[in-house]
Amino acid sequence: MISVDNLTFSYPRTTAPALSGIRLNVARGSLLGLLGPNGAGKTTLLSILCGLLAYRHGSVRIAGADLTRQRADAQAAIALVPQDYAFYPTLSVRENLRFFARMQRLDAAEIDARVAEVTATTGLVERLDERVDRLSGGLKRRLNMAIGLLNRPQLLLLDEPTVGIDPHSRRFILEAIRAINRAGTTVIYTSHYMEEVESLCDDIAIIDAGKVLVQGSLETLLRAGEQSRLIVDIRAALTQEQRDGLERTLRFAEQPHCLSIEINAAVGILGVLQALDRQRVQISRIQYGTRNLEELFLNFTNHSLRD
């Protein structure tokens, strides 16, 4: 569905490129989770894929169409649901949907059918005649999505569609995305909520500093990145003396109140625990086993998730 090769993009009057040599392939019918810290290049990439930003270096193909030479064909297959609300607050749900349907040049005979279709998918049938500025945040997010579905896209780009909403609306939106994907629509989904991506997506790409660092299924990425390690929650941050003592025998990464300690043939689990005891490290919890998506993300990006 998507083939991106060596895509580079810079904003005017900036020194570092927003995207640098991006390579990304997305299979038709898949649901790709696109992860990265703020400023990593996620929104820039989505904006290029849907044609909002023009690029000069590299190539992008959407459903077989070259985005520079066959822009109209490529864009006809795409819808973007942005993070910001993209509708008119003083109009009703119905008026917004009919307006955006006309903007997409749908035939008059089609508009009512499409409005009925997207409101059924997003649970807005009972809200059609309500003014949008009187809706809850969750219902506004649903309207954002409904507008994006009007053209029955082959490719749906979702930029943090559940940010700032209640758990009920969040769950509804996630179930709607699953249904849309099962019906054959390819979806790219960006989110800062790791549990959403783990439960929703069959493919994951991690992007940082304008580069795709890794792409694959969650199972493949976790297995490839897995190493024997202990995750140790500690009650107090290490003193410099404790840190120096541990570094003589252990390889570890330190985060506030947490140590990620490598287990190898020379130092087994017992050796790690003995080293921690010698330095009088106060332990509150120990975890051993396969890392999760958030740990994998932090390992690749070296960022706090919400930086």
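Does LEU106 meet the test of being part of a loop (DSSP other than H, G, I, E, B), without any contact (Cβ under 8 Å) to a residue 60 or more places away in the chain, crowded, with 17+ Cβ neighbours inside 10 Å and out of contact with any Gly (no Cβ under 7 Å at 6 or more places or on another chain)?
Details: part of a loop (DSSP other than H, G, I, E, B): yes; without any contact (Cβ under 8 Å) to a residue 60 or more places away in the chain: yes; crowded, with 17+ Cβ neighbours inside 10 Å: yes; out of contact with any Gly (no Cβ under 7 Å at 6 or more places or on another chain): yes.
It is true that LEU106 is part of a loop (DSSP other than H, G, I, E, B), without any contact (Cβ under 8 Å) to a residue 60 or more places away in the chain, crowded, with 17+ Cβ neighbours inside 10 Å and out of contact with any Gly (no Cβ under 7 Å at 6 or more places or on another chain).
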(message) Here's a check for you: in the range 30-43, which residue that is at pLDDT below 95 and not in a strand (DSSP E or B) is nearest to LEU221 (Cα to Cα)?
(response) GLY36
(request) Give the range 127-149 a look and list any residue that's part of a helix (DSSP H, G or I), at pLDDT 95 or above and surrounded by fewer than 18 Cβ atoms within 10 Å (Cβ to Cβ), or say none. (result) ASP133, ARG134
(request) Sort out which residues of the range 48-101 are part of a helix (DSSP H, G or I) and without any contact (Cβ under 8 Å) to a residue 24 or more places away in the chain, and write them in order of number. (result) ARG71, ALA72, ASP73, ALA74, GLU95, ARG98, PHE99
(message) What's the number of the only condition in (1) surrounded by 15 or more Cβ atoms within 10 Å (Cβ to Cβ); (2) small (Gly, Ala, Ser); (3) out of contact with any Leu (no Cβ under 7 Å at 6 or more places or on another chain) that ALA265 fails to meet?
(response) (1)
(message) Given the criteria among the aliphatic types (A, V, I, L, M), in a strand (DSSP E or B) and more than 16 Å from the chain's Cα centre (by Cα), does ILE231 qualify?
(response) yes
(request) All but one of (1) in the same structural domain as LEU80 (by TED's automatic domain parsing); (2) outside any strand (DSSP E or B); (3) under 30 Å from PHE252 (Cα atoms); (4) touching a strand residue (DSSP E or B) at 6+ places or on another chain (Cβ under 8 Å) hold for ILE207, so report the exception by its number. (result) (2)
(request) Could you identify the single residue in LEU200, LEU213, LEU238, LEU218 that is among the aliphatic types (A, V, I, L, M), surrounded by 13 or more Cβ atoms within 10 Å (Cβ to Cβ) and not assigned by TED's automatic domain parsing to the domain that holds THR119? (result) LEU238
(message) Can you pull out every residue in the range 163-182 that is in contact with a helix residue (DSSP H, G or I) (Cβ under 8 Å, 6 or more places away or on another chain) and either buried (at least 22 other Cβ atoms within 10 Å of the Cβ) or outside any loop (DSSP other than H, G, I, E, B) (or both)?
(response) HIS168, SER169, ARG170, PHE172, ILE173, LEU174, ALA176, ILE177, ARG178, ALA179, ILE180
(request) Filter the range 59-73 down to residues that are closer than 15 Å to ASN25 by Cα, surrounded by fewer than 17 Cβ atoms within 10 Å (Cβ to Cβ) and either at pLDDT 90 or above or of a type in the set (Ser, Thr, Tyr) (or both), then give me how many there are. (result) 1
(message) I'm trying to understand the selection: among the residues of the range 74-103, which are farther than 19 Å from ILE177 by Cβ, loosely packed, with under 14 Cβ neighbours inside 10 Å and of a type in the set (D, E, K, R)?
(response) ARG102
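The values are calculated or read from the model by the stated rules, or taken from the named source; none is laboratory data. Since this is a predicted model, take the numbers as computed values, not measurements. Here Cβ is always computed from backbone atoms with ideal geometry, including for glycine, and neighbour counts include all displayed protein chains.
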